Amino acid sequence: MRRARRFAGHHLLTLVALLGFIYILAPIAVIALFSFNDPAGKYNYTWQGFTTQYWQNPFDIPALRDALITSIQIALLASIIATVLGTLISLALVRHAFRGRGTTNLLIFLPMSTPEIVMGASLLALFLNLGVATGFATILLAHVVFCIAFCVVTVKARLVGFDRRLEEAAMDLGANEVRTFLRVTLPLILPGVGAAALLSFALSVDDFVITNFTHGTVVTFPLFIWGAARVGVPVQVNVIGTLIFLVAVGIMAIGVLVSTVRARRDRALAERAAEAH
Amino acid sequence: MSEIDVRLRDVTKRFGEFVAVDDISLEIPRGSFFAMLGPSGCGKTTTLRMIGGFEEPTAGTVLLGDQDVSDLPPYKRDVNTVFQSYALFPHLSIADNVGFGLREHGVPKAERTARVGEALELVDLTGYDTRKPRQLSGGQQQRVALARALVNRPRVLLLDEPLGALDLKLRRQMQLELKRIQQEVGITFVHVTHDQEEAMTMADQIAVMNEGRIEQLGGPTELYERPGTAFVAGFLGVSNLIAGRLDGTDVVTADGTRLAVAAGALGGRTGAVRLGIRPEKIRVADGDAPAGAALVGTVREYAYVGVATQYVVDTPAGEIQVFHQNATPGVQVAQPGTRVTLTWDPQATFLVEGETE
């Protein structure tokens, strides 16, 4: 009885976890699978036959290629701007007591909690009222707005545990404020800053709702798919979607691998050092 | 030894309502090992941080040599600090940690490498250059912190409880090591600690601090043999304090016993005082004892610890602790209830202020 329960305890968890993974990964598997489909008509919804034709020329639809390039441009710019501003805002929020700090702390989360549809609509209303023509610049502005919130949260988490004595030590050794920031503070919060940049990039590339309100005549990758879905999504979309997924997983895998190897080596060396005493 | 490296003049530091350091003045001679000793919250670390430049004094001036540095940031002061938590840069190798200050001061690369090598040799860490701090043990990290500060050849080295995080054995070893290094490099060390043994072992001069003030400043023997206040007497070792009134050169206790005071210990005191005598200065005798330096009492309890026997004896002047060296073979322990006479050399006594209600 007890053994049966233990068996269930061990394997049930594995089973549930497995089902969970299938649930999460199934849609992505379908996307990848259908990137090898050779659809008969316009619609890539039923399996017709295997081909690598679309993997050989994923960028041969000019509109799709342009949309992808636009999306990447916006995502790069938005993530750089949002990361720089977000890092500076988190430094101010964590390090300095100023009038209105509490309010700022609260307001910074507003873009995260506001429904995208509401934010998109109000941004459009704002741009119309100000007489700003919607297009590349307005998409960028909108993306920076919602990315900043995520950057602040990510970098702040890194700063809260920061040992201020390290900065004191740098100054004690002759580094002024700027040198201290460049040689000690920035390198140490860099993982947080990097994570913020990656997160911003992903959010921006992926955004549809807010972009849909602010794009004018400019078409981004998600907008292209939305438009294409009505007349039939080309297989190339599946190819590019799979590519993006593979790149993201690859980056993550490298990160995990590097930190695991490093942690193992550090532990071994520290243990040996302790034994030497 | 006449040249002064650090001078504090009427230095006060307030944090809001709280007075952390209360009007301190002191001078630290060149090449000395100076300790600031006191319980947590006594202001010793704040004082050190004002010398290092991490806190600005609310009032008063801090001088390094003849230069007023009160308003200068840390990077413009010729002092270096060994931090309590070591504060090694986790992203830099040991060599880059130690060479950090040299690089900031524009020392050329070749000289930098040579001096980093020397500093690592001084702390016995040659060959660890490429390691990262987290790959070292606590004691090694501590030595890196020391090398990182010393390599800059500062006028003064500040040490903020540098041994606090080490275990007892390693701490003892590092105490001797620090003393050796200080004598070798000849730099003025200012050391903050709450461990009286650490201060006594290492320092030439100790400032005992309490509630933001310096209670007493002096050499280890002076502070131990002639503590000037009850706080110092209690913080450095154990002492018996017997309350009474000063009459000439005697202290008269409430029950009329007269106890002689060492001539050098009077210090111009009058009225209500307490006579101090260290437990190890008291002899346990059976017969009569010289008047003026004896108390008769009853043993209440004892603890035999091999090298010595500790007694608590009830006397008319209060409870007295005795630390009896077991120097002779065949030790006889006085059982509880035994009447004993406690005697001492009047020269071993000291005076502190009377009890304040």
*Report the residue count in region B:173-222 for those that are in a loop (DSSP other than H, G, I, E, B) and closer than 26 Å to B:Gly65 by Cβ.*
6
*Residue satisfying condition, being of a type in the set (S, T, N, Q), modelled with pLDDT under 95, closer than 22 Å to B:Val79 by Cα and assigned by TED's automatic domain parsing to the domain that holds B:Val21, within set B:Gln175, B:Gln196*: B:Gln175
_Condition check for B:Leu88: in a loop (DSSP other than H, G, I, E, B), at the interface with another protein chain (Cβ under 10 Å from one of its Cβ atoms) and crowded, with 21+ Cβ neighbours inside 10 Å_ = yes
*State all residues of region B:156-172 that are in contact with a strand residue (DSSP E or B) (Cβ under 8 Å, 6 or more places away or on another chain) and outside any loop (DSSP other than H, G, I, E, B); if no residue qualifies, say none.*
B:Val156, B:Leu157, B:Leu158, B:Leu159, B:Asp160
*For B:Arg171, all conditions in the list (1) surrounded by fewer than 21 Cβ atoms within 10 Å (Cβ to Cβ); (2) closer than 28 Å to B:Glu27 by Cβ; (3) among the charged types (D, E, K, R); (4) under 18 Å from the mean Cα position of the chain (by Cα) hold save one; what is the number of the exception?*
(2)
*Determine whether A:Ala268 is of a type outside the set (Asp, Glu), more than 30 Å from A:Asp38 (Cβ to Cβ), surrounded by fewer than 18 Cβ atoms within 10 Å (Cβ to Cβ) and in contact (Cβ under 8 Å) with a residue 12 or more places away in the chain.*
no
*In region B:127-142, which residue that is without any contact (Cβ under 8 Å) to a residue 24 or more places away in the chain and either touching a Leu at 6+ places or on another chain (Cβ under 8 Å) or more than 10 Å from chain A (Cβ to nearest Cβ) (or both) is farthest from B:Arg171 (Cα to Cα)?*
B:Gly127
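Listed here are the residues, each with its yes/no results for (1) surrounded by 13 or more Cβ atoms within 10 Å (Cβ to Cβ); (2) within 30 Å of A:Thr220 (Cβ to Cβ); (3) among the aromatic types (Phe, Trp, Tyr).
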| site | (1), (2), (3) |
| --- | --- |
| A:Ala97 | no, no, no |
| A:Leu107 | no, yes, no |
| A:Ser113 | no, yes, no |
| A:Met119 | yes, yes, no |
| A:Phe136 | yes, yes, yes |
| A:Phe146 | yes, yes, yes |
| A:Ala149 | yes, yes, no |
| A:Met171 | yes, no, no |
*Extreme residue, farthest from the other protein chains (Cβ to nearest Cβ), among residues of region B:91-104 that are small (Gly, Ala, Ser) and part of a helix (DSSP H, G or I)*: B:Ala95
*Answer yes or no: is there a residue in region B:62-75 that is farther than 25 Å from B:Gln175 by Cβ, within 14 Å of another protein chain (Cβ to nearest Cβ) and surrounded by fewer than 19 Cβ atoms within 10 Å (Cβ to Cβ).*
yes
*Residues being charged (D, E, K, R), on the phi < 0 side of the Ramachandran plot and surrounded by fewer than 20 Cβ atoms within 10 Å (Cβ to Cβ): count how many of those fall in region B:116-156.*
5
_Give all pairs with beta carbons closer than 6 Å in which a residue from region B:202-225 that is closer than 14 Å to B:Ser32 by Cα meets a residue that is among the charged types (D, E, K, R); count only pairs at least 6 apart in sequence or on separate chains._
B:Met202/B:Lys179
*asked:* If I ask for residues that are within 14 Å of another protein chain (Cβ to nearest Cβ) and polar (S, T, N, Q), which ones from region B:162-205 would you list?
replied: B:Gln173
*asked:* Can you pull out every residue in region B:298-314 that is touching a residue at least 24 places away in the same chain (Cβ under 8 Å) and either farther than 28 Å from B:Glu222 by Cα or of a type in the set (D, E, K, R) (or both)?
replied: B:Thr298, B:Val299, B:Arg300, B:Glu301, B:Tyr302, B:Tyr304
*Pick from A:Asp207, A:Asp266: which is charged (D, E, K, R) and at pLDDT 90 or above?*
A:Asp207
*Just one of the numbered conditions (1) assigned to a loop (DSSP other than H, G, I, E, B); (2) of a type in the set (Phe, Trp, Tyr); (3) in contact (Cβ under 8 Å) with a residue 60 or more places away in the chain is not true of A:Phe98; which one?*
(3)
*Contacts under 9 angstrom Cβ, first residue in region A:164-188 being within 8 Å of chain B (Cβ to nearest Cβ) and closer than 17 Å to B:Asn152 by Cα, partner part of a loop (DSSP other than H, G, I, E, B) and of a type in the set (D, E, K, R), 6 or more apart*: A:Asp172/B:Arg77
*Checking B:Val232 against (1) buried (at least 19 other Cβ atoms within 10 Å of the Cβ); (2) outside the structural domain of B:Thr12 (by TED's automatic domain parsing); (3) at positive phi, which single condition isn't satisfied?*
(3)
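The values are calculated or read from the model by the stated rules, or taken from the named source; none is laboratory data. From a predicted model like this one, the values you see are computed outputs, not experimental measurements. With ideal geometry, Cβ positions are generated from the backbone for all residues, glycine too; neighbour counts draw on all protein chains shown.
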